[in-house]
1. For region 87-118, name all the residues that are at pLDDT 90 or above and in contact with a strand residue (DSSP E or B) (Cβ under 7 Å, 6 or more places away or on another chain).
2. Given the options 196, 155, name the one that is in contact with a helix residue (DSSP H, G or I) (Cβ under 6 Å, 6 or more places away or on another chain), crowded, with 20+ Cβ neighbours inside 10 Å and not in a helix (DSSP H, G or I).
3. Of everything in region 218-234, what is crowded, with 20+ Cβ neighbours inside 10 Å and not in a loop (DSSP other than H, G, I, E, B)? Give them in sequence order.
4. Taking the condition of being more than 19 Å from residue 274 (Cα to Cα) and out of contact with any helix residue (DSSP H, G or I) (no Cβ under 9 Å at 6 or more places or on another chain), how many residues in region 212-240 meet it?
5. Evaluate the following for residue 121: is it touching a strand residue (DSSP E or B) at 6+ places or on another chain (Cβ under 6 Å), on the phi < 0 side of the Ramachandran plot and at pLDDT below 85?
6. Given the criterion within 19 Å of residue 198 (Cβ to Cβ) and over 18 Å from the mean Cα position of the chain (by Cα), identify the matching residue among 263, 232, 215.
7. What number of residues within region 273-286 are surrounded by 19 or more Cβ atoms within 10 Å (Cβ to Cβ) and farther than 15 Å from residue 222 by Cβ?
8. Test residue 166 against the criterion of being surrounded by fewer than 18 Cβ atoms within 10 Å (Cβ to Cβ) and modelled with pLDDT under 95, and give yes or no.
């Protein structure tokens, strides 16, 4: 059955030329973007502005979140809440994600310079198979981008690193301007939406980032339309604020063209998104981006500069 989208989810057409330029550069540089891999609805607009969110550590995830279009391996790693480290069972060893590419940080930095970016977002798939969860690659990417583009502001959107303080510290010590980790949905829906993640663990990641570097800007985001209730959204905003989160984004969940993902339970109206923005600002968030087409990395530079 064809989904009928409400009028407020219709997007403006964007110039093709600039979008193709970014797309071609990414192909030549052998880089992934979350814009493409997650089939973001704002891809055309962002590419036409010459901006992109770089996806490091390959294009295959070790977790199986029910909202995501990024390919995931068919095996499970040690991702239970509080686990010390991810591990690959014997039967998993023949099918694992790609090896860490030592040249990837340089290629990201070169693309950043060629595109003359002022604000760069670096994210990754979850790599529970790696001893450091991929934190070292985040650190190297931040440092390399800084050496190529000293004036750029750098935002990282990280996985939870299984809550390991050492891995979180590795990323924070590289001095990103924004540390972003998405809560994604309300606590009640975690078993269905994020079966290998943990609500409290995600809050603790954000809280710990602030203990390492109090002045760093922390950020998180959640999707609406997965079956959450209004009071649960407000509770999640309150939990994020209590964890020291500075910036929050709220957007409409749109089901990727993938039968394994969850269906949209409802389309949230722009008025309701505006209400959450008002509530969030009253709670003390420095900035709240809330709207049907808002995504965690969408217009990230504008959100950061207006915090």
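The values are calculated or read from the model by the stated rules, or taken from the named source; none is laboratory data. Since this is a predicted model, take the numbers as computed values, not measurements. Positions of Cβ are backbone-derived with ideal geometry, glycine not excepted, and every protein chain shown enters the neighbour counts.
1. Of everything in region 87-118, those that are at pLDDT 90 or above and in contact with a strand residue (DSSP E or B) (Cβ under 7 Å, 6 or more places away or on another chain) turn out to be 104, 108.
2. Selected residue: 155, the only one of 196, 155 that is in contact with a helix residue (DSSP H, G or I) (Cβ under 6 Å, 6 or more places away or on another chain), crowded, with 20+ Cβ neighbours inside 10 Å and not in a helix (DSSP H, G or I).
3. Within region 218-234, 218, 219, 220, 221, 222, 223, 224, 233 qualify.
4. Residues that pass the stated criteria total 2.
5. Details: touching a strand residue (DSSP E or B) at 6+ places or on another chain (Cβ under 6 Å): yes; on the phi < 0 side of the Ramachandran plot: yes; at pLDDT below 85: no.
No: the conditions fail for residue 121.
6. Only one candidate passes the filter, namely 232.
7. Total satisfying the criteria: 0.
8. It is false that residue 166 is surrounded by fewer than 18 Cβ atoms within 10 Å (Cβ to Cβ) and modelled with pLDDT under 95.
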